[in-house]
1. Starting from 0.36 nm per residue, how many nanometres of slack lie between Val3 and Thr46 once their C-alpha separation is accounted for?
2. Test of understanding: ordering Tyr31, Tyr51, Tyr83 by Cβ neighbours within 10 Å, fewest first, what list do you get?
3. Around Asp85, which amide H atoms from residues at least 5 apart in sequence, or from another chain, sit under 5 Å from its own amide H, with H modelled in the peptide plane?
4. How large are Rg and Dmax for the chain when calculated on the C-alpha trace, in angstrom?
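Laboratory data are not the source of any read-out in this text; all were calculated from the coordinates shown. As the structure is a computational prediction, the values presented were derived from the model and not from experiment. Glycine also receives a Cβ, built like all others from the backbone with ideal geometry; neighbour counts cover every protein chain displayed.
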Amino acid sequence: MAVENLKSLSITNLDAQPVVANTAGEGGPGYLWNTNDFVIPSAASTAASTYRMCRVPSNAIVKAVWFESQAQGAGSFDISVYYTDSPYEGQAPGGSGVVVPTTGSQFFANAIAVTAAVASTNEINQSGNNPPNLRNTELWSALGLTTDPGGFFDIVLVTNVALTTGTGQVGVRVEYVW
């Protein structure tokens, strides 16, 4: 075992001569925004049901995705990223309301069981698709897109396994730098 003394990129930049300015997208300081809401799924909600929870700018740098749920009896949710379906807030041409291709499905979380109540938990990388090296990156880039489509993305709960009882509140809070 060796003793390590490592510095993050933002600390390395602050120690440089001359100092290299850190931006919010590179781990530097920035204003933290948040948006949150909840839904009440119907009893016996089937697999592939979608619940649009929060809307964030495509160039948001997501820092946390908090999920909580009252007991639903059975079932599970994925936390995915979709293009917005709003005609007012911009979306990629031909992408209105659909999952962001390739990586948007289960981007933040996969199969969070809601058979019992789930306390508010940060699910930023429960799926393994959003590791630390992507968390100082704009969401469009973290998703693997080659250009910023502009507009907004929706953070969407997708029923992975059908709910049997339902009718309990399910909530999501997203924290991001913009």
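1. Numbers: separation 43, 0.36 × 43 = 15.48 nm, distance 5.16 nm.
Here the answer is 10.3 nm.
2. Working: Tyr31 8, Tyr51 19, Tyr83 24.
Arranged by neighbour count, lowest to highest, Tyr31, Tyr51, Tyr83 become Tyr31, Tyr51, Tyr83.
3. Those lying under 5 Å, H to H, from Asp85 are Gly97.
4. For the chain, the Cα-based Rg and Dmax read 17.9, 61 Å.
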